[in-house]
Amino acid sequence: MAADERERDRRALDHGPLDHGPLDRRALDQGAPAQRGPDPCSLARPESDGRELHRLDSDRRSPARPESERRELDPESGVATVFACLCICLLIGVTALGVHLGGAVLGRQRAEIAADLGALAGAMRVHQGADAACARAREVVTSNGGIMKSCRTDGLDVLLEVRTHLAAWGEDASARARAGPVRVG
């Protein structure tokens with residue numbers, strides 16, 4: 001007869017009525033009689049004075065403690081929140097540093113590109129004179145977002161110094177370039 005009751009309780013656990021609390025499956029497997037938990041509908045009913053609602057079973061297992069005792073029992077409460085805030089601040093700082101360094105590298109690359117292309121363009125006009133070579137180099141540097149700081153010729157070579165402005169940080173990146181014909185022998 002006990003086996004029949006356990007089988008009936010197992011079926012009730014899987015397909016039980018909704019007006020009773022859940023059955024304890026571990027107790028059934030060990031051969032204990034079925035005991036149901038509290039009525040789930042009673043958990044949301046207000047107390048007689050209407051000020052406090054029943055809470056989860058974990059709240060009812062231990063007697064209610066004043067807030068001051070709870071703080072004494074757990075001195076590390078809130079540490080995770082502070083740690084999370086610090087981690088977020090650190091992450092924001094590292095991200096800002098990465099953006100700053102990335103912008104500086106990008107500005108340096110733009111300055112180098114403008115200087116290289118300007119020197120090549122000036123080297124193509126160096127046979128027309130230093131003024132024509134530097135004028136063409138200035139046009140190319142300006143069209144690539146750079147500002148030419150200096151331009152001079154050394155024989156058939158054109159030497160440029162270029163800077164670009166990084167608008168976000170108010171800094172300048174500079175580069176130098178030299179271009180001319182290849183000397184053989």
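What follows draws every value from the coordinates through simple rules; no lab data is involved. Since we're looking at a predicted model, the values are computed, not measured. For neighbour counting, all protein chains shown are included, and Cβ atoms are generated from backbone atoms with ideal geometry for every residue, glycine included.
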Discussion item. If I ask for residues that are more than 11 Å from ALA114 (Cβ to Cβ) and in contact with a helix residue (DSSP H, G or I) (Cβ under 6 Å, 6 or more places away or on another chain), which ones from segment 135-167 would you list?
Written reply: ARG136, CYS151, THR153, LEU156, VAL158, LEU166
Discussion item. Cβ-Cβ under 7 Å, sequence separation 6+ or interchain: first residue in segment 94-108 and over 19 Å from GLY145 (Cα atoms) and without any contact (Cβ under 8 Å) to a residue 60 or more places away in the chain, partner aromatic (Phe, Trp, Tyr) and not in a helix (DSSP H, G or I). Which pairs?
Written reply: none
Worksheet, complete the sentence: Checked segment 114-151 for anything touching a Cys at 6+ places or on another chain (Cβ under 8 Å), closer than 12 Å to GLY180 by Cβ and not aliphatic (A, V, I, L, M); matches are GLY122
